[in-house]
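Values quoted throughout were computed directly from the atomic coordinates according to the rules given, and no laboratory measurement underlies them. The structure displayed is predicted, hence computed values, not measured ones. As a convention, Cβ positions derive from the backbone with ideal geometry for all residues, glycine included, and neighbour counts pool all protein chains shown.
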């Protein structure tokens, strides 16, 4: 596009946007439009198709992943584009028998819960909203901050309790003869910290974990404890995406992305030792600009990455 036309259009948009904003305010549509644009912006790098690059990097090797809270199957929340699922060897954890039976044909499916030690735990089932079942009881007094409507409160009622066998991440991976874990996802409605405590010596290249800033469950550990635990494991937070409704100006819950701390030798060596899988995960999760910086910092030359534009920052 001609530079003069491009400059004119940008100036015109700057003039029009405040008028559009006032219109949206009057129509009570401003948050809906902003949320829509935020979602589109967050996933803007899905406009790229990295399949060819991933194929060249990984060859025939798979990214070993552990999906804790696998209701509906691997990547059931479509956090990243479905076309990349084929690059993963997924291990699924599903303690609810009915849900386990739906995915049992998968190669690795574990019908157990996970915890910081081997024991039995009570799982509180919410049959009207099964994905919100938890090791912790819902706390109705805190529903307001999650903007839960009166008509939906019954969906968060405990309908039954089941006792489940729990084990640690490290024990279960050892039993499956899994030597290295590349990607860890934990979405367990408040049990994330206890599960992480059982990770042992495994150090994934990327961790996606749900954090509760204002939990709707009783006695859930503070989100700061969760983040501190990950930092003590030598991980750093690189991304945060709000989940669900909330009446606070920060999300009540969020998906957080952590990678090894690239500012120290331990993290740097873990990344460099597994650079093909690390690069692949960063591309799949749309972390293009940070990846380019790290590749330059570590003097890892992947020419196909240098010219790619990170649309998130446009």
* To do: Can you put 231, 156 in order of Cβ neighbours within 10 angstrom, beginning with the fewest?
  => 231, 156
* Where only alpha carbons of the stretch 18-62 are counted, the Rg and the Dmax (Å) -> 18.7, 55
* To do: Rank 237, 17, 123 by mean-square fluctuation in a GNM of the chain with C-alpha springs under 10 angstrom and give only the top-ranked residue.
  => 17
* Long-range tail of P(r) for the stretch 231-314 (Cα pairs > 16 Å, %) -> 58
* Which value, in nm² and rounded to one decimal, describes the direction-averaged projected area of the C-alpha convex hull of the stretch 1-42? -> 3.6
* **Mean separation of Cα contacts under 8 Å, 6 or more apart, over the residue count of the chain: relative contact order %** => 16
* Structure fact -> What the Cα atoms of the stretch 270-314 span along the principal axes, largest first and in whole Å, is 32, 19, 15
* Alpha-carbon Rg with Dmax, taken over the stretch 1-134, Å -> 22.6, 68
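Find, to one decimal place in angstroms, the Kirkwood hydrodynamic radius of the stretch 165-314, where the mean of 1/r is taken over every pair of different Cα atoms and then inverted.
This gives a value of 16.7 Å.
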